1. For region 8-17, how many residues are part of a loop (DSSP other than H, G, I, E, B) and surrounded by fewer than 16 Cβ atoms within 10 Å (Cβ to Cβ)?
2. What number of residues within region 25-45 are within 16 Å of V79 (Cα to Cα) and hydrophobic (A, V, I, L, M, F, W, C)?
3. Out of everything in region 64-78 that is free of Cβ contacts under 8 Å to residues at least 60 places away in the same chain and under 12 Å from Q29 (Cα atoms), what residue ends up being surrounded by the fewest Cβ atoms within 10 Å (Cβ to Cβ)?
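Please treat every number below as a calculation from the coordinates, not as lab data. Every value quoted in this text rests on a predicted model; they were computed, and no experiment measured them. Cβ coordinates were reconstructed from backbone atoms using ideal geometry, including for glycine residues, and neighbour counts include every protein chain displayed.
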Amino acid sequence: MKAYLTKWIPPRADFLQTITDDEKALFKQHGDWQTKLRETRQIVAHGPVVDPAGPYGVALWEIEDDADIAALTAEDPIVKAGVGHYEHYSMMQMRSRG
């Protein structure tokens, strides 16, 4: 198994303050998509980060060795719609509560 931290970067620093109705709908699909991946144990945890420099989202992933993290995150509905993008960080290991 491989572990990753992914960071979803919104299209603008004031995204949460200026989010459009269309983006709100996509953001809901994004959350639902991540929840499904948590239920299948590919995502360990996910959520928004409130950073003074601008908000972003993080997720901790544990995926099969032959899985491609970039291909997985490319399936995110919000990314497919061209709203924001992901950064991917490989983790040497992941430890979590049992």
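1. Selection size over region 8-17: 4.
2. Result for region 25-45: 5.
3. Going through the qualifying residues, I end up with E75.
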